[in-house]
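Below is one structure; the comments refer to it alone.
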Amino acid sequence: MGDILHVLDMLAWFPENISTYGAELDNLFAIIYWVSVAIFFLTFGILGYLLVKYRYSPDRKGYNYHGNNLVEVTWTILPTFLFAAIGLYSDDIWERTKYSKRVPQADVEIIVLGKTFGWTFLYPGSDGKFGRNAYTDRTARHLMSTTNIFGIDSTDPTGMDDFTTENQFRVPVNSNIVVRGSSIDVLHSFFLPHARVKQDVVPGTWMNIWFNLFKTGDYELACAELCGGGHYSMRAEYKVVSMADYDTWLDKKNAEAKAARSPQSLPAAPADTVAVASH
Amino acid sequence: MSTATLPSTETEAHTHEHHHELPWYRKYVFSTDHKVISKQFMLSSLFFLFIGGAFALFIRWQLAYPGTKIPLVGSILPATWVTEPGSGIITPEFYAQLLTMHGSIMIFFVVIPLALGMFGNFCIPLMIGTDDMALPRLNMWSFWLVPPAGLIMMAGFFTETGYATAGWTSYPPLSASIQLPTFTISGQTLWLISVFLVGFSSIMGSVNYVTTVLNKRAKGMKLFDMPLTVWALFITAIMAVLGTPVLAAGLAMLFMDNFLHTSFFLPDNLVTNSKYFGGGQPVLFQHVFWFYSHPAVYIMILPLMGIVSDVLATFSRKPVYGYKAMVFAIAGIAFLGFIVWGHHMFQSGMNPLLGTTFMLSTIVIAVPSSIKVFNWLGTLWRGNIKFTSAMLNALAFVSMFIIGGLSGVFMASAPVDIYIHDTYFIVAHIHYVLFGGSLFGIFAGIYYWYPKMFGKMLNEAWGRKHFYWTFVTFNLTFFPMHILGVGGHMRRIYDPNVYDFLKGLGGINEFITIAAITLGFSQLFLISNILWSMKFGKKAPRNPWHANTLEWAAPEHPGHGNFDMDITVYRGPYEFSVPGRELDYWPQWEQGEAISAHHNTVAVPIENETRTFGAH
């Protein structure tokens, strides 16, 4: 019996929410859900009543009645107010979660690129600043290639500590995370079910994705936009960790990144010659 | 000339409706008779319904039992569909082809041809009391583009890459196939050609419907004397004429990207070994596509709303409640349908400011939709309801449309859509509207007009069996999909077990699949009923449902030219149970005086001048 009730209670099926605005979104879902349940029982109740009460009987005739304008106006205006209220309330939340100008000051900024079939993340390192790359500088976009999908200009010293991760990323808890997302081939969609985040990433454009997570743990990132046969396998994992753990991890990664680059004591060849022509 | 009475014999009709005997191929194949064309649409669509349905069952099997052999047919599947020959396990690539083909076939070759092609052709000339369409040859072509288009789409099987794989929405860059050399015909190329052709079929048909409704109505028939079926088809046709050319433009551009490797939709700086890109904008295609395809959603349901209104009125023996409000609601939905396309793109990277606009316009659509639902309920109120197969299906339409409409409010609200976008919640919604809505409406229409189409009655007992099985298994299949969606289950994924957060949903997936298989097999009742009754059905009387509209004035199985008498229209289409009349219906073509009082029509006996008001 408990299982049956569980099936009927749709709200119980959400994955656990871990993001600050997620509660607001879930709450709005619940409001619309209960309004819908009410309308459902109202209309189905009326429908059932009419079907039983006015079922065929040979000694009754139908009633020749063409309608009433007052009634029409009433059932036009009432839903208008109801739905307008839902619309306006939704818009308030929409503005706060998605409008570009409402993206908060970033505590941690990450760049993500989708590709068939996986996700690559670029961190700015412990200086918190990205070097010259396809996101920070439009003119660096022509550096993007299969070996350097972020178009990182290796001559820029600010970028010396920038490092990438494949199919996994880490964020600190209780911080504003701003993700600049794009794709290198087809459309993908950056979907964090537990964080209630979803944003398509479009090649050629950078999307602003932000969230603030209040619970540590291991969670999943999925692609939500059909991107080919391997679409289903385009999965990544992420860890939400305490700020201290995050800093430790960052330092470790920084050291790795620097070690990887130090043997190249010579400055890289001029950018234009390593670039893969884009036209 | 008296037109009010039926001519005494059939032979009298042939004196003024004379036609030369046509060769068989002009009668049954390249016919210009709207009724034959309608049946052709019906047969071709039912054929495609079978294929699209079979594809859906493959999808369901994979989701419920990922990586297991498909039963029965698994071992005979073509080698390109399965992981290794004879394994019976489908590949992820073929899975993407399946979902693409399922969606495309159901939308472009089943629901639109049935709603617009079949009912448009059959109902419009008969219900406005004319002999045929205004442009019969154009009409013939509108059908004869469909089978070649269908074959072209299915021919994707023979290309190296198989069927199209980019989903029925076919978003570039994926659909532009830039990895293939220029001038390669892939499944996607054929898909584009095919949809382009069905688009033309729709335009030709629709131009014809608009012309016919405006020019060929029977004597005395004002626009507001038309049944709601004709109104709905008329408004839908206008939408199709305005929307489809835009889709054609989008498809043409995408075809050039795909086949000639231009770059309308391909941006700079893709990281790929192809060199065919640069300067385009992928989201542009989504705008162009949805500018047509959102109205297309209404093209698929508005005609059925008209049909359901007629069926409800006839079997409740009551006028449609608020006839004019119903017409205005249809027109309102049609108009709003053109300004809401962006709600498919809330998460697409479109400026979120536009999200506000599209959210508010979308939510407004709930208003005309609720007007329609309330008026349908009003029609049942104080009726005398007969539960025929047609009526049951019409009631299913109303109730499933309520659920589909309510689930629409969730995704209309942009912030809620963030989470449920591209999940099974959307899949549940579209099936509640297109299966629960359109397809039940189509069933209602088939049960209602079959007697006039084929001159035979359908078997009622089988009709009921078909209805109950379909209704129950439909809900068992599609309602749990809402739960999958709330659980975060993405649509179009090959194997949900890859994700930890979807682990708890396996049981629901299995349940849905079993229900879906039953739902598929329930349709055998309908198919066998249609085929069996064509030959062995009871002969249909001229007006089996005691309805008022003009198609029932035509002979039992009308030939080319439709009517065996001149038609004059004296009143609106829904004068049921008029006080002062012995019969509980009053056909539009029957002469008689009436007055209107307090929202009621009262018949006035012609022989005595005393005006009796019916009690109400």
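The values are calculated or read from the model by the stated rules, or taken from the named source; none is laboratory data. These numbers come from a predicted model, not from an experiment. Don't worry about glycine lacking a Cβ; one is built from the backbone with ideal geometry, like all the others, and counts go over all protein chains shown.
Which of the residues belonging to the stretch B:508-537 are among the β-branched types (Val, Ile, Thr), more than 16 Å from B:Ala54 (Cα to Cα) and in contact with a Pro (Cβ under 9 Å, 6 or more places away or on another chain)? Can you show your working first?
Just the residues of the stretch B:508-537 that are among the β-branched types (Val, Ile, Thr), to begin with: B:508, B:512-514, B:517-518, B:527, B:530.
Keeping just the survivors that are more than 16 Å from B:Ala54 (Cα to Cα) gives B:508, B:530.
B:Ile508 - this is the single residue of the stretch B:508-537 that is among the β-branched types (Val, Ile, Thr), more than 16 Å from B:Ala54 (Cα to Cα) and in contact with a Pro (Cβ under 9 Å, 6 or more places away or on another chain).
Does A:Ile111 qualify as being under 27 Å from B:Gly507 (Cα atoms), surrounded by 15 or more Cβ atoms within 10 Å (Cβ to Cβ) and in contact (Cβ under 8 Å) with a residue 40 or more places away in the chain? Break it down into steps so the answer makes sense when it comes.
On the way: under 27 Å from B:Gly507 (Cα atoms): no; surrounded by 15 or more Cβ atoms within 10 Å (Cβ to Cβ): yes; in contact (Cβ under 8 Å) with a residue 40 or more places away in the chain: yes.
Against the criterion (under 27 Å from B:Gly507 (Cα atoms), surrounded by 15 or more Cβ atoms within 10 Å (Cβ to Cβ) and in contact (Cβ under 8 Å) with a residue 40 or more places away in the chain), A:Ile111 does not qualify.
Could you tell me which of the residues B:Ile446, B:Ile426 is under 30 Å from B:Met127 (Cα atoms) and β-branched (Val, Ile, Thr)?
Numbers: B:Ile426 fails: under 30 Å from B:Met127 (Cα atoms).
Answer to the selection: B:Ile446.
Take the residues in the stretch B:262-293 that are hydrophobic (A, V, I, L, M, F, W, C) and assigned to a helix (DSSP H, G or I); name whichever of them is farthest from A:Ile184 (Cα to Cα).
Looking only at the stretch B:262-293, we keep the residues that are hydrophobic (A, V, I, L, M, F, W, C), and these are B:264-266, B:270-271, B:277, B:283-285, B:288-291.
Keeping just the survivors that are assigned to a helix (DSSP H, G or I) gives B:283-285, B:288-291.
Working: B:Val283: 15, B:Leu284: 18, B:Phe285: 18, B:Val288: 23, B:Phe289: 23, B:Trp290: 24, B:Phe291: 27 Å.
Among those that are hydrophobic (A, V, I, L, M, F, W, C) and assigned to a helix (DSSP H, G or I), it is B:Phe291.
If I filter the stretch A:192-231 down to residues being touching a Lys or Arg at 6+ places or on another chain (Cβ under 6 Å) and more than 7 Å from chain B (Cβ to nearest Cβ), which single residue comes out as farthest from B:Pro352 (Cα to Cα)?
Checking each candidate, the answer is A:Asp218.
Residues in the stretch B:206-222: is at least one part of a helix (DSSP H, G or I), under 28 Å from B:Ser309 (Cα atoms) and free of Cβ contacts under 8 Å to residues at least 24 places away in the same chain? Explain how you work it out, then say what you get.
First, the residues of the stretch B:206-222 that are part of a helix (DSSP H, G or I): B:206-215.
Next, only the ones that are under 28 Å from B:Ser309 (Cα atoms) stay: B:206-215.
Checking which are free of Cβ contacts under 8 Å to residues at least 24 places away in the same chain leaves us with B:214.
Yes.
For the stretch B:319-337, name all the residues that are in contact with a helix residue (DSSP H, G or I) (Cβ under 6 Å, 6 or more places away or on another chain) and either among the polar types (S, T, N, Q) or outside any helix (DSSP H, G or I) (or both).
B:Val320, B:Tyr321, B:Gly322
For B:Thr83, only one of the following conditions fails: (1) free of Cβ contacts under 8 Å to residues at least 40 places away in the same chain; (2) touching a Ser or Thr at 6+ places or on another chain (Cβ under 8 Å); (3) crowded, with 19+ Cβ neighbours inside 10 Å. What is its number?
Every condition holds for B:Thr83 apart from (3).
Can you go through A:Ala257, A:Ala236 and tell me which one is in contact with a strand residue (DSSP E or B) (Cβ under 7 Å, 6 or more places away or on another chain) and under 30 Å from B:Ser175 (Cβ atoms)? Break it down stepwise before answering.
Details: A:Ala257 fails: under 30 Å from B:Ser175 (Cβ atoms).
Only one candidate passes the filter, namely A:Ala236.
Give me a count of the residues in the stretch B:344-354 that are within 28 Å of the chain's Cα centre (by Cα), surrounded by fewer than 24 Cβ atoms within 10 Å (Cβ to Cβ) and of a type outside the set (S, T, N, Q). Full working, then the answer.
Pass one, the stretch B:344-354, residues within 28 Å of the chain's Cα centre (by Cα): B:344-348.
Pick out the ones that are also surrounded by fewer than 24 Cβ atoms within 10 Å (Cβ to Cβ) and you get B:344-345, B:348.
With the extra rule that they be of a type outside the set (S, T, N, Q), the set shrinks to B:344-345.
Qualifying residue count for the region: 2.
So B:Phe338 fits all but one of (1) buried (at least 21 other Cβ atoms within 10 Å of the Cβ); (2) of a type in the set (Phe, Trp, Tyr); (3) in contact (Cβ under 8 Å) with a residue 60 or more places away in the chain; what number is the exception?
The failed condition is (1).
I'd like the full set of residues that are in a helix (DSSP H, G or I) and in contact with a strand residue (DSSP E or B) (Cβ under 8 Å, 6 or more places away or on another chain), limited to the stretch B:498-526. First the steps, then the outcome.
Step one: filter the stretch B:498-526 for residues in a helix (DSSP H, G or I), giving B:498, B:500-526.
Selection gives B:Val498, B:Asp500, B:Phe501.
Out of A:Arg170, A:Arg141, I need the residue that is over 28 Å from A:Val241 (Cα atoms) and in contact (Cβ under 8 Å) with a residue 40 or more places away in the chain. Which one? Talk me through it step by step, then tell me what you get.
Numbers: A:Arg170 fails: over 28 Å from A:Val241 (Cα atoms).
The match here is A:Arg141.
Sort out for me the helices (runs of 4 or more DSSP H) sitting completely within the stretch B:340-455 that have 3 or more residues that are more than 11 Å from chain A (Cβ to nearest Cβ) and under 24 Å from B:Leu43 (Cβ atoms).
Working: elements: B:352-380, B:389-412, B:414-420, B:424-431, B:440-454.
Once the helices (runs of 4 or more DSSP H) in the stretch B:340-455 are filtered for at least 3 residues that are more than 11 Å from chain A (Cβ to nearest Cβ) and under 24 Å from B:Leu43 (Cβ atoms), what remains is B:389-412, B:440-454.
Looking at (1) in a loop (DSSP other than H, G, I, E, B); (2) over 19 Å from B:Val297 (Cα atoms), find the lone condition where B:Phe259 falls short.
(1)
From the list B:Gly103, B:Gly129, pick out the single residue that is on the phi > 0 side of the Ramachandran plot, in contact (Cβ under 8 Å) with a residue 60 or more places away in the chain and either assigned by TED's automatic domain parsing to the domain that holds B:Phe443 or surrounded by 18 or more Cβ atoms within 10 Å (Cβ to Cβ) (or both). Write out each step before concluding.
Numbers: B:Gly103 fails: on the phi > 0 side of the Ramachandran plot.
Exactly one residue qualifies, and that residue is B:Gly129.
Find the residue count for the stretch B:182-202, including only residues that are β-branched (Val, Ile, Thr) and part of a helix (DSSP H, G or I).
Here is the first cut: in the stretch B:182-202, the residues β-branched (Val, Ile, Thr) are B:182, B:184-185, B:189, B:193, B:195, B:198.
Checking which are part of a helix (DSSP H, G or I) leaves us with B:189, B:193, B:195, B:198.
Total satisfying the criteria: 4.
A:Asp247 passes all but one of (1) closer than 26 Å to A:Ser100 by Cβ; (2) modelled with pLDDT under 95; which number fails?
Only one criterion in (1) closer than 26 Å to A:Ser100 by Cβ; (2) modelled with pLDDT under 95 is unmet by A:Asp247, namely (1).
Which ones in the stretch B:132-173 are of a type outside the set (Phe, Trp, Tyr), part of a helix (DSSP H, G or I) and under 19 Å from B:Asn121 (Cα atoms)? Break it down into steps so the answer makes sense when it comes.
As a first pass, look at the stretch B:132-173 and keep what is of a type outside the set (Phe, Trp, Tyr): B:132-140, B:142, B:145-156, B:159-162, B:164-167, B:169-170, B:172-173.
Narrowing the set further to residues that are part of a helix (DSSP H, G or I) leaves B:136-140, B:142, B:146-156.
Listed by number, the residues that qualify are B:Pro136, B:Arg137, B:Leu138, B:Asn139, B:Met140, B:Ser142, B:Val146, B:Pro147.
Could you please find all residues in the stretch B:257-288 being within 17 Å of B:Thr182 (Cβ to Cβ) and more than 9 Å from chain A (Cβ to nearest Cβ)?
Answer for the stretch B:257-288, where residues must be within 17 Å of B:Thr182 (Cβ to Cβ) and more than 9 Å from chain A (Cβ to nearest Cβ): B:Asp257, B:Asn258, B:Phe259, B:Leu260, B:His261, B:Thr262, B:Ser263, B:Phe264, B:Phe265, B:Ser274, B:Tyr276.
Residues that are more than 17 Å from the chain's Cα centre (by Cα) and either at pLDDT 95 or above or crowded, with 24+ Cβ neighbours inside 10 Å (or both): does the stretch B:294-311 have at least one? Show your work before the answer.
Pass one, the stretch B:294-311, residues more than 17 Å from the chain's Cα centre (by Cα): none.
No, every residue in the stretch B:294-311 fails to be more than 17 Å from the chain's Cα centre (by Cα) and either at pLDDT 95 or above or crowded, with 24+ Cβ neighbours inside 10 Å (or both).
Helices (runs of 4 or more DSSP H) wholly in the stretch A:1-106 with at least 3 residues that are more than 8 Å from chain B (Cβ to nearest Cβ) and surrounded by 12 or more Cβ atoms within 10 Å (Cβ to Cβ) - which ones?
Values: elements: A:2-8, A:22-53, A:69-98.
Output list reads A:22-53, A:69-98.
Of all residues in the stretch B:510-536, which are over 27 Å from the mean Cα position of the chain (by Cα) and within 14 Å of chain A (Cβ to nearest Cβ)?
B:Glu510, B:Phe511 - these are the residues of the stretch B:510-536 that are over 27 Å from the mean Cα position of the chain (by Cα) and within 14 Å of chain A (Cβ to nearest Cβ).
Can you tell me how many residues within the stretch B:460-497 are assigned to a loop (DSSP other than H, G, I, E, B) and surrounded by fewer than 24 Cβ atoms within 10 Å (Cβ to Cβ)? Reasoning before the result, please.
At the first step, the residues of the stretch B:460-497 found to be assigned to a loop (DSSP other than H, G, I, E, B) are B:487-489, B:491-495.
From what is left, the residues that are surrounded by fewer than 24 Cβ atoms within 10 Å (Cβ to Cβ) are B:487, B:491-492, B:495.
Counting residues in the stretch B:460-497 that are assigned to a loop (DSSP other than H, G, I, E, B) and surrounded by fewer than 24 Cβ atoms within 10 Å (Cβ to Cβ) gives 4.
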